[in-house]
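The structure appears below as structure tokens.
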Amino acid sequence: MRSTELRTYDLAIAYRIYPKMSKPAIGLPFSEDKLKFSEICLRSFKESLGNLRVKLWALLDGCPEEYAALFQRYFEDQDLVLVPLPGVGNQATFEKQIEILLQQEDSDLIYFAEDDYFYLPDQFPLMVRFLREGQRVDFVTPYDHPDCYQLELHHEPKWITVFEGHHWRTAASTCLTFLTRKSTLAKYEGTIRTYSRGNNDCAMWLSLTKRRVFNPLAALRFFAKREFYWKIFVQAWLFCWRQILFGRAAKLWVPMPGLATHLAAGLLSPGIDFLGLMRAEGVALESGMDIPGILSESFDSTRQL
């Protein structure tokens with residue numbers, strides 16, 4: 001009976017939001033107004049979900065009432081759970097996401113979401129199908145992080161595959177917005193929870209994927225160059241030595257080009273004009289267009305890629 005309950009929805013989402021603008025997003029479109037910025041991101045997320053039936057928990061960390069109303073505007077009451085929090089911060093809200101997604105029995109597929117991501121329309125179901133049908137897929141992020149191309153830390157062999165006409169590659173790490181199974185979260189729970197105890201998110205992912213952590217020369221090279229990345233290796237071993245030594249290496253996959261971007265200046269997913277699409281969605285919002293809005297008309301995959 002329990003396995004039936006876990007398929008009530010296609011996806012369970014824990015979406016955390018904070019009423020202040022993150023420093024990396026300052027200077028991007030609409031960054032002078034966090035509520036509007038948040039609505040544009042949430043609107044793009046809703047548009048990206050397509051026909052997926054989702055249950056969403058909104059973690060409102062120190063948010064005024066307008067933010068609760070934002071989620072109520074885009075999601076039906078029966079599909080939405082509001083979770084007010086008294087400004088507990090990044091680590092505590094991530095811990096709350098883990099707690100909610102492990103305890104829920106609405107879906108066996110789960111998604112960790114943050115409020116500063118912008119999504120392409122109708123693309124999320126592709127990510128869900130890749131997780132369900134792809135080979136050795138443990139985690140999927142929609143964000144094609146430029147660091148994977150620019151930093152020596154990520155210069156290593158990668159697996160590349162094609163699924164439904166889209167290219168996907170493995171990655172050593174990502175941020176804290178990702179898709180996985182409830183069973184996978186339970187399996188790696190101890191390692192993933194280390195972020196809430198002070199671990200670095202990159203160190204957490206390197207421990208899960210076991211990339212670069214067995215190469216002491218890499219850490220020494222970064223130390224000699226006085227680059228902070230050597231500290232990531234130290235944190236990985238300090239917090240996650242059991243996973244590194246005895247755990248199964250997880251595979252983290254990234255779509256190329258990305259299906260969403262983290263809204264951090266200079267670190268947008270490459271290959272698509274996400275800021276142009278974001279401005280178009282702002283126009284749609286100001287004009288009162290309902291979903292599906294101008295985003296679907298603006299995004300032409302053959303033109304953008």
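Every number here is computed from the coordinates shown, using simple stated rules; none is lab data. Computed from a prediction, not measured in an experiment: that's the story for all the values here. Note that we place each Cβ from the backbone using ideal geometry, even for glycine, and neighbour counts take in every protein chain shown.
Remark: the Cα gyration tensor places the range 1-90 in the prolate category, a/c being 1.5 or greater and a/b exceeding b/c.
With a Förster radius of 22 Å applied to the beta-carbon distance between Glu189 and Val234, the computed FRET efficiency rounds to 0.45. Extension gain, Glu99 to Val283: 0.36 nm times the residue separation minus the Cα-Cα distance gives 62.5 nm. To the nearest 10 degrees, how steep is helix 274-286 against the longest Cα principal axis of the chain, on a 0 to 90 scale? Long axis of 274-286 versus the principal axis of the chain: about 30 degrees. Per-residue extension of 0.36 nm, minus the Cα-Cα distance of Gln91 and Arg248, leaves a gain of 54.0 nm for this segment. Simple point charges give the picture: +1 on the Cβ of Lys and Arg, -1 on the Cβ of Asp and Glu, and for the range 1-137 a dipole about the Cα centre of about 320 debye.
Scalar couplings 3J(HN,Hα) for the range 198-214, obtained by applying the Karplus form with A = 6.51, B = -1.76, C = 1.60 to θ = phi - 60°, are x, 6, 7, 5, 5, 4, 4, 5, 4, 6, 5, 8, 6, 9, 6, 6, 9 Hz; x denotes Gly and Pro. So how tilted is helix 65-74 from the main axis of the chain? Cα-based, degrees 0 to 90, rounded to 10. Helix 65-74 and the main axis of the chain meet at about 80 degrees.
Note on the range 53-186: Cα Rg divided by 2.2 N^0.38 Å, N the number of residues, gives 1.16. Where both bridge residues fall in the chain, DSSP classifies roughly 45% of the beta bridges as antiparallel.
On C-alpha positions alone, give me the angle between the axis of helix 124-133 and the longest principal axis of the chain, in degrees, nearest 10. In the chain, helix 124-133 runs at an angle near 40 degrees to the longest axis. Here, the chain has an Rg and a Dmax of 18.8, 57 Å when only alpha carbons are counted.
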